[in-house]
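As structure tokens, the structure follows; a few thoughts come after it.
The values are calculated or read from the model by the stated rules, or taken from the named source; none is laboratory data. No experiment lies behind these values; they were computed from the predicted model shown. Cβ placement follows ideal geometry from the backbone for every residue including glycine, while neighbour counts extend to all protein chains displayed.
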Amino acid sequence: MTNNEFYDRLVSDLKPVGRRSALADGLIIAMLFALELAIFLAVGMARSDMPVAMEMPSFWWKLCSCGIIAICGAMVAIASFNPVASPLRGLRWLLVMVFVCIGAGWFVDAAQNGAGALIARLDWQDGLQCVYKMMLLSVPPVVALGWLMRRGAPTYPGATALAVGVAAAAWGAFVFVFACPSDDPLYIAVWYLVGCGLLTLVARVLLPALTRW
Amino acid sequence: MGNGDWGAWMSAAQSGDASMYHRLLQELGAWLQRYFTRRLPPGMVDDAVQDTLFAIHQKRHTYDPSRPFGPWLAAVARYKWIDRLRAMKSAPTEALSEELAVPDHEESVTSANSLERLLQTLKPAQSEVIRLVKLQGYSIEEAARRTGQSAALVKVNIHRGLGRLTALVRKQADDE
């Protein structure tokens with residue numbers, strides 16, 4: 001096909017388009033986050049001892065950590081749907097944030113329980129259940145962010161997919177906090193990291209291929 | 001870079017103005033032709049230009065008219081350039097078109113352009129086999145005989161060299 005024929009083909013396909021806006025993308029994700037949380041709580045999935053849990057530092061530690069990582073991750077991901085923007089600096093800060101959150105957990109742990117019987121505390125059967133539920137709750141945000149990523153024009157698809165994965169996984173974990181019966185920081189650090197890590201890995205592997213442009 | 005009106009033309013195209021869009025595509029086509037001529041082997045330039053124009057067409061809604069058009073265009077073009085460099089890894093390493101093996105043509109391909117500058121940053125063993133196999137159309141076996149490397153090493157050096165090129169282009173983009 002000659003260049004002129006190619007130009008004509010593109011022009012004949014021209015339709016008015018609505019401009020992409022990072023703010024609109026952010027609102028879509030904020031609404032999805034709120035909707036998922038509302039549905040989760042409305043169907044009675046929250047733990048029954050919530051008033052007691054809310055008095056424990058570990059509850060607030062896991063809730064705030066997951067929430068902050070999810071919101072910052074979503075901001076990094078959405079910003080990088082613009083072809084001119086690179087998510088690399090944001091990803092570095094996210095990584096720092098994850099380690100700060102885990103480090104804070106060790107302080108909470110030391111203040112709460114002290115050392116000993118670490119393996120028994122991990123309770124792998126419940127842990128795997130947590131991983132499964134967290135990943136399930138991460139599906140709506142990863143689909144929504146993936147759809148926005150496909151609609152956008154990320155020029156660092158690998159890094160953007162990583163940011164999407166971190167944001168979706170952290171949001172899934174955030175919602176799950178309301179049902180998670182464990183307040184043991186070691187259990188939370190290990191199993192939340194496994195659940196979030198797996199979902200992030202899946203997003204990193206699949207999204208660049210699914211959103212290629 | 002380019003004409004200061006391109007941003008306004010793209011803005012008009014976003015609203016459905018076909019005549020402005022046609023004019024914009026013609027100018028972008030010429031700009032991309034120059035861009036890829038300095039960065040890719042001649043056999044890949046036309047495909048890269050049309051592929052990039054198609055990407056611009058599909059992603060035109062991501063351009064924000066309140067921002068300069070140049071960086072947006074450069075980001076899309078660089079993304080497609082990296083795409084092509086990656087594709088060279090999996091592209092056939094033999095039986096390229098005969099014209100690529102003509103020595104004079106080789107000189108025009110590799111003289112004083114971005115691709116050549118990038119190749120010079122690689123290890124000599126890597127840049128040599130990339131030039132022979134990917135730019136001049138030699139087979140792996142022929143390149144192995146000419147360089148004294150084993151066929152397996154030629155493949156490894158091509159793979160690693162092209163991976164390094166892609167990383168360099170990415171790094172340049174981050175540093176800008």
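Search region A:86-106 for residues that are within 13 Å of chain B (Cβ to nearest Cβ) and pair each with any residue that is acidic (Asp, Glu) when their beta-carbon atoms are under 7 Å apart and the residues are at least 6 apart or on different chains.
Filtered contacts from region A:86-106: A:Ser86/B:Asp174; A:Leu88/B:Asp174.
Is it the case that some residue within region A:200-210 is assigned to a helix (DSSP H, G or I), over 12 Å from the mean Cα position of the chain (by Cα) and under 20 Å from A:Lys62 (Cβ atoms)?
For region A:200-210, residues assigned to a helix (DSSP H, G or I), over 12 Å from the mean Cα position of the chain (by Cα) and under 20 Å from A:Lys62 (Cβ atoms): absent.
Pull up region B:116-135, narrow it to residues that are assigned to a helix (DSSP H, G or I) and surrounded by fewer than 12 Cβ atoms within 10 Å (Cβ to Cβ), then point me to the one that is modelled with the highest pLDDT.
Ranking the qualifying residues of region B:116-135, first place goes to B:Pro124.
Any idea which residue in region B:53-84 is farthest from the other protein chains (Cβ to nearest Cβ), counting only those that are within 10 Å of the chain's Cα centre (by Cα) and not small (Gly, Ala, Ser)?
Result: B:Arg84.
Considering only region B:33-52, state which residues are buried (at least 23 other Cβ atoms within 10 Å of the Cβ) and facing chain A (nearest Cβ under 10 Å).
Residue satisfying the conditions is B:Val49 alone.
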